[in-house]
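K.L.:
Take a look at this one; I'll ask things after.
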Amino acid sequence: MISYKFTSMPIRKLAAILCFCLGLPALSQAGGFLSAEDAGIITASTIGIFVLGHHVKNLDSSKTPLIGGPILFDRKLQRFLGGDCSIDKTNFLDSELGSAVTPVSAALIMLSADLKWPMSGDRERGQLVAQNLFLYGAGLLATKGITDLTKGIVARPRPLPCLEPELAGLRTNIDHAYDHNSFFSGHASSAFFAMTFLNKRIRAIMRNEMTPGKYNKYSWVSPATAFSWATFVGWTRIHAYKHFPTDIIVGAAAGILMAELFYSFNDFDFPPLSYTTPQQVKQLFSIRLTF
């Protein structure tokens, strides 16, 4: 288990800041079930972010890009990781359907795990499962909106038209708007969001179901599996010459941060504020990012 602790800011304060930036509510009872009002505001906010991102992404396909091509180590890594380039180079995840594989699979695995190993009494089981799926879906929608919003603002050209303009010009169907949606990767942001959220749920279930010794022995399995798959998804985008490595890195960071934010609304590791002990108060004033 890799744990980072920063004592300068509590995790709830971080969540509140991110909520403010996204137009989301700072939840009144962190660590418990959402109120109907909180759920309604989250729903409206995430839909708003999604719609805004969709419109900005497709607003103006002829504007000057904020990032005009490869930066830092992009060019060398793109050639190394992506290999030879061709017009029709693709892979099984290189489509809209491929982008849905990871989020849908993660949702099904999480639902199965929550039903098999409930972390609360029978009376609250349905509410817990519903809240997990709601926050997962809302976070995924918000991640998609932020990704599209960034794509529309930055308008970075994709690797194929940027590195191989003559080759790209031979395509039969050229979509100028699509060719300027490289930064950052939606496949990467959604995959890392899904895998981060799922990993946190699986590890919470493991802590609840296993003895401390057994948990310490197997705690690495969930993050290793989840983030290996998410990294593979990112590589497929480089391989297909749809994204530069920096697009993948930033997309991964965005997905992880969004998962941390939305999961914090549902984190039962933190008791309600009105029932904290002095030791728990001290614990709250730290950021714990556990992978």
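Readers should treat all values here as calculations from the given coordinates under stated rules, not as data from a laboratory. A quick note: this is a predicted structure, and the numbers were derived from the prediction, not measured. Virtual Cβ from ideal backbone geometry, glycine too; neighbours counted across all protein chains shown.
K.L.:
Extending each Cα 7 Å along its Cβ direction at D175 and S112, get the distance between those two points in nm, one decimal.
P.N.:
It works out to 3.2 nm between the two label points.
K.L.:
Additional query: Under a Cβ-Cβ cut-off of 15 Å, what is the net charge of the residues other than L167 that fall near it, where Lys and Arg count +1 and Asp and Glu count -1?
P.N.:
My count for the surroundings of L167 gives 0.
K.L.:
With a 10 Å radius around each residue's Cβ, average the other Cβ atoms per peptide and rank 219-226, 89-96, 255-262, 62-69, highest first.
P.N.:
Ranking, from highest mean packing down: 255-262, 219-226, 89-96, 62-69.
K.L.:
Could you sort out which of K63/K242; K144/K242; K116/K144; K89/K151 sit more than 27 Å apart by Cα distance in this structure?
P.N.:
Going by Cα-Cα distance, K116/K144 fall outside the 27 Å limit.
K.L.:
Can you order the peptides 205-215, 76-86 by their average number of other Cβ atoms within 10 Å per residue, highest first?
P.N.:
Descending packing order for the listed peptides: 76-86, 205-215.
K.L.:
Once a ≥ b ≥ c are taken as the square roots of the eigenvalues of the Cα gyration tensor of region 158-234, is the result rounded (a/c under 1.5), prolate (a/b larger than b/c) or oblate (a/b not larger than b/c)?
P.N.:
prolate
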